[in-house]
Amino acid sequence: ITGLLAAKGRGRAMPVPVLIADVDTLEGVSTNLGSAARLLTRACWPGGLTVIVEHPPSLAWDLGDAKGTVAVRVPDDDLARDLLRETGPLGVSSANRSGRPPARTADEAIESLGDVVAVVLDDGPRAQGEPSTIVDCTADPPRVLRVGAVAESRLYYLVPTIRTVVAVDAAPDPDPTTEPDRPPMSPEEQENA
């Protein structure tokens, strides 16, 4: 992860999210998983939903300064899920330097990151999609931190008690250098920024 953060040009205050192969793996990378997190992930994965959950202290992950939480998603990409079935959960980021648009092709990734990455997996061009919707499931009730690929109306349908922290039309990240699959700063971090 240290190498990933260095390649991205970002610090430990911006922890990286984790991709997993399927919804059943969530139980292994989280603790105190509530019913809302279970319901949301079963309904929206694979796909554009990132959930923030507590991770067990027994996991010796260094994802950055995550403060006992982890942002998790199951990608809606067959090749990515096949890779994750082979490797297990992976700390990831978009293929670009912080603050720049994500690469859509392997050539763009190589151009952006240069020789700081050892391997680039080329499965053809990627569409420019919406960033994932981010829901903090450590809060009670859960909080929508960023509206993205999963519509806010769907979240409310699934979990009527869910609350939105950001407005739908004004859903910028508190920190413009955050990545599409990385949760924005916590309210406490925003107050101290």
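The values are calculated or read from the model by the stated rules, or taken from the named source; none is laboratory data. Being a predicted model, the structure only gives us computed values, none of them experimental. Please note: Cβ atoms are built from the backbone with ideal geometry, for glycine as well, and neighbour counts cover all protein chains shown.
Which one is surrounded by the most Cβ atoms within 10 Å (Cβ to Cβ), of the residues in the stretch 28-63 that are of a type in the set (D, E, K, R) and closer than 20 Å to residue 141 by Cα? The extreme case among them is 54.
Evaluation of residue 119 against the conditions (1) β-branched (Val, Ile, Thr); (2) surrounded by fewer than 19 Cβ atoms within 10 Å (Cβ to Cβ); (3) more than 26 Å from residue 11 (Cβ to Cβ) shows that the sole unmet condition is (3). Here the stretch 24-62 is the region considered, the condition is being within 18 Å of residue 149 (Cα to Cα) and among the β-branched types (Val, Ile, Thr), and the residue that is nearest to the chain's Cα centre (by Cα) is 50.
Could you please let me know if residue 91 is under 25 Å from residue 12 (Cα atoms) and loosely packed, with under 13 Cβ neighbours inside 10 Å? Can you show your working first?
On the way: under 25 Å from residue 12 (Cα atoms): yes; loosely packed, with under 13 Cβ neighbours inside 10 Å: no.
Judged against the criteria, residue 91 is not a match.
What about residue 70, is it without any contact (Cβ under 8 Å) to a residue 60 or more places away in the chain, touching a Lys or Arg at 6+ places or on another chain (Cβ under 9 Å), within 24 Å of residue 53 (Cβ to Cβ) and of a type in the set (A, V, I, L, M, F, W, C)?
When the stated conditions are applied, residue 70 does not pass them.
The residue that is surrounded by the fewest Cβ atoms within 10 Å (Cβ to Cβ), counting only those in the stretch 10-27 that are touching a Ser or Thr at 6+ places or on another chain (Cβ under 8 Å) and among the aliphatic types (A, V, I, L, M), is 23. The residue pairs whose first member lies in the stretch 40-53 and is at positive phi and modelled with pLDDT of 95 or more, whose second member is among the β-branched types (Val, Ile, Thr) and not in a helix (DSSP H, G or I), and whose beta carbons are closer than 8 Å, counting only pairs six or more residues apart or on different chains, are 47/74; 47/150. The lone criterion from (1) more than 28 Å from residue 29 (Cα to Cα); (2) of a type in the set (Lys, Arg); (3) surrounded by 16 or more Cβ atoms within 10 Å (Cβ to Cβ) left unmet by residue 81 is number (1).
Look at residue 105 and say whether it is of a type in the set (Val, Ile, Thr) and exposed (fewer than 12 other Cβ atoms within 10 Å of the Cβ). No. Would you check if residue 183 is in contact with a strand residue (DSSP E or B) (Cβ under 9 Å, 6 or more places away or on another chain), under 15 Å from residue 52 (Cα atoms) and modelled with pLDDT under 75? Considered against the rule, which asks whether it is in contact with a strand residue (DSSP E or B) (Cβ under 9 Å, 6 or more places away or on another chain), under 15 Å from residue 52 (Cα atoms) and modelled with pLDDT under 75, residue 183 comes out as yes.
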